[in-house]
Amino acid sequence: MGRLLRALRHCIRETWDGLWRNPALSLLSAAAIGISLYVLGLFLLLAFNLNRFVEALGRETQIQVYLREDATPDQLRTLRAEFASDPAISEARYVSKTDARQRFQRDFPTLRDLPGRVGGNPFPASFELEVLDASRDPEGLDRIAKSYQKAPGVEEVRYDRGWTERLAGMVGLVQKGGYGIGALLAFAALVTVGATVRLTVLARREEIEIMKLVGATAGFIRGPFMLAAAAQGLAGGALAVAGLRVTHRLVERTEIFRANPFMSIVAGRFLPSDAALALTAVGAALGIVAAVLSLRRAGSV
Amino acid sequence: MIQFFHVTKKYTQGAVALTDVSVHVEKGEFVFLTGPSGAGKTTFLRMIFRDEVPSSGQVVVNNQDVATMPARRVPYLRRQIGVVFQDFKLLPRKTVFENVSFATQVIGLPRREQRSRTFQVLEMLGLNHRLHNFPEQVSGGEQQRMAIARALVNRPLILLADEPTGNLDPDLAQEIMGLFRDINSHGTTVIIATHDRDMIRRMGRRVIALDHGRISAAGAA
Ligand SMILES: Nc1ncnc2c1ncn2[C@@H]1O[C@H](COP(=O)(O)OP(=O)(O)O)[C@@H](O)[C@H]1O
Ligand SMILES: [Mg+2]
């Protein structure tokens, strides 16, 4: 068996012993990391669901190109050709003045006589443009709107960008808030785990001193502490994911959730598995970082 | 093998432990380091395995300047040096066997080798009936021998012993000295700090005498 393999085996055995030498401390470390990741996860869950909502909403986004009263058939033909060749537009539907009036009368039955009373047909003809997914971001929509604004025969180009942007902004805020609070809690977890590492090191400083005097390398001494912290972090991360899953299940079962469509917007789905895995990995990473910082500060190890 | 060039050591608290010490110990030598309490013997030994670095001057061990040696090399320096500490530095919660095999584990010897070497030195030091006792269950002399066993178990090039016979009765002290001589005869460089003048006289080896941190007499006693 190679030297490295032996060192590894020793490291794992020492880690295992270390974890059980003081189970309460190990648990504290795991819990500190678990709680911070749980809270971060809640925000991610919210942001993830809101994001899906915004995307679904965006899929319905259309651009309305209102036509001038005096637009000529030639101009219409040119526009139609331009829409057809625009790679960002998947479909362009023509809505005539008559169609527009009928649609209004269908959507607002109580006002169906209004158009007649104001005289003639006040509704302009328009094109409704379906935008491809790839161009449905605010910049993409803006670009399309601008490019047809000045085209001959066009009165005005409109789209409901305000809504989408506000929502996207909100999701961004939730995400940022989540990262902010997550970072804060992660820092608290780092401090906690760091302190437990320092305690364990202190409890064994005699042994560590002798190890150094008889020629143990820093890696040999630090390895088990780092591996233990990684294991605690991994456990914390897994606990956080499990906690999130349970929370999500519980929310799904509540009356409010079933009665309120808004709830399915904010909590309709659980995190995708790669995000859950990443959260667990972050737990392990937090543990290692805490141990490295703490061991470096302890200096003499 | 070990060279001190104008070594001065001031501790941060202001105590001057060594002043302008220059001395060479050749490979395979057997040397006594003597002087009254507080003369700087322990400090001298600690410089060799880089537990302390000189305030000025140079300490060279096995052709390496220990003060400028990168930290990651220090463990490998220490593996060449067995140290018997004045206060033994035994681990109270490990048995006699574990306290000694510990040192072989740390340097990554194979398991079987760890065991066989540990049994060997414990046998040599007459501790094989004490394997599973804890330090507090054995006598002061046996603790001393545990410390010696641990220093020898990795077969060092250099053996440093800080007052190794202080806790032993004269017969046992004599026996331990004989052991050191055997080890030395197999090529290990040995430096023993002691203020036991009778012992030094009996052994008739080179003596480095320290007084208030200065060399007061060097050469054969
Ligand atoms: N770690 C230390 N910090 C400060 N002073 C020390 C330390 N170790 C030793 N000294 C001082 O250095 C001098 C030499 O001590 P030491 O090397 O232990 O001598 P010896 O081993 O010959 O008794 C003494 O005055 C002692 O008080
Ligand atoms: Mg001393």
When you take every Cα atom in the protein assembly as shown, what is the radius of gyration, and what is Dmax, the widest Cα pair distance, in Å? 40.0, 132
For the protein assembly as shown, the percent of accessible surface on carbon and sulfur atoms (probe 1.4 angstrom, ligands and nucleic acids excluded) is 57
If packing is taken as the average number of other Cβ atoms within 10 Å across a peptide's residues, how do A:98-105, A:216-223 rank, most packed first? A:216-223, A:98-105
Beta bridge orientation in the protein assembly as shown: antiparallel %, DSSP, nearest 5: 65
Within 10 Å of each Cβ in peptide A:200-211, how many partner chain Cβ atoms are there on average? Round it to a whole number, please. 2
Could you sort B:179-187, A:126-134 so that the peptide with the highest average Cβ count within 10 Å comes first and the rest follow in order? A:126-134, B:179-187
In a Debye calculation with equal point scatterers on the alpha-carbon sites of chain A and no solvent, what is log10 I(q)/I(0) at q = 0.13, 0.14 Å⁻¹? -0.95, -1.03
Any idea how far apart A:Glu252 and A:Tyr179 come out in nm if each label point goes 7 Å out from Cα toward Cβ? 2.9
When Cβ neighbours within 10 Å are restricted to other protein chains, what is their mean count per residue of peptide B:73-79? 4
Taking a straight Cα-to-Cα line shorter than 24 Å from A:Lys97, and setting aside same-chain lysines fewer than 8 residues away, one finds A:Lys146, A:Lys150
Cα-based Lys pair tally, chain B, threshold under 27 Å, eight or more apart or on separate chains: 8
With the convex hull built on the Cα atoms of chain B, state its orientation-averaged projected area in nm². 11.9
Once whole DSSP H runs in chain A are found, which of them have Cα atoms spread over 30 Å or more along the helix axis and a mean Kyte-Doolittle score of at least 0.5? A:23-59, A:161-203, A:218-253, A:273-298
Using distinct alpha-carbon pairs, which all enter the 1/r mean, Kirkwood radius of region B:102-164 in Å: 12.2
Over chain A: helical MRE at 222 nm, DSSP H runs n ≥ 4 each giving -39500 (n - 2.57), nearest 500: -25000 deg cm²/dmol
Summing -39500 (n - 2.57) over every DSSP H run of at least 4 residues in chain B and dividing by its residue count gives a helix-only mean residue ellipticity at 222 nm, to the nearest 500 deg cm²/dmol, of -10000 deg cm²/dmol
Select from B:Gln3, B:Val59, B:Met69 the residue farthest towards the positive end of the dipole of region B:1-94; place +1 on Cβ of Lys and Arg, -1 on Cβ of Asp and Glu, and compute about the Cα centre. B:Met69
Average beta carbon contacts from partner chains per residue of B:105-115, 10 Å cutoff: 4
With springs only between Cα atoms under 10 Å, which of A:Arg117, A:Arg52, A:Arg269 fluctuates most in a Gaussian network model of chain A? A:Arg117
State, in square angstrom and to the nearest 100, the accessible area buried between chains A and B, both chains counted, probe radius 1.4 Å. 1700
Cα convex hull of region A:62-159 - mean projected area over all directions, nm²: 6.6
Once you keep just the Cα pairs under 8 angstrom separated by 6 or more residues, what percentage relative contact order results for chain A? 33
Which of A:Leu199, A:Leu114, A:Leu239 ends up with the largest GNM mean-square fluctuation for chain A, with Cα atoms connected below 10 Å? A:Leu114
Computed Rg/Rh of region B:64-130, alpha carbon atoms with Kirkwood Rh: 1.03
Of A:Ile33, A:Ile63, A:Ile208, which is the most mobile in a GNM of chain A whose springs link Cα atoms less than 10 angstrom apart? A:Ile208
Given the peptides A:142-155, B:33-46, arrange them by the average over their residues of other C-beta atoms within 10 Å, most packed first. B:33-46, A:142-155
Net charge near B:Gln3: determine it from the other residues with C-beta under 11 Å of the C-beta of B:Gln3, scoring Lys and Arg +1 and Asp and Glu -1. -2
Can you tally the net charge around B:Leu18? Count Lys and Arg as +1, Asp and Glu as -1, for every other residue whose Cβ sits under 9 Å from the Cβ of B:Leu18. +2
Within chain B, the percent of DSSP beta bridges that are antiparallel, given to the nearest 5, stands at 55
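The values are calculated or read from the model by the stated rules, or taken from the named source; none is laboratory data. Only a predicted model underlies this, so the values are computations on that prediction, with no experimental measurement involved. Positions of Cβ are backbone-derived with ideal geometry, glycine not excepted, and every protein chain shown enters the neighbour counts. Please note that ligands, DNA and RNA were not included when accessible areas were found on the heavy atoms of the full protein model with its side chains. Shrake-Rupley method; radii C 1.70, N 1.55, O 1.52, S 1.80 Å.
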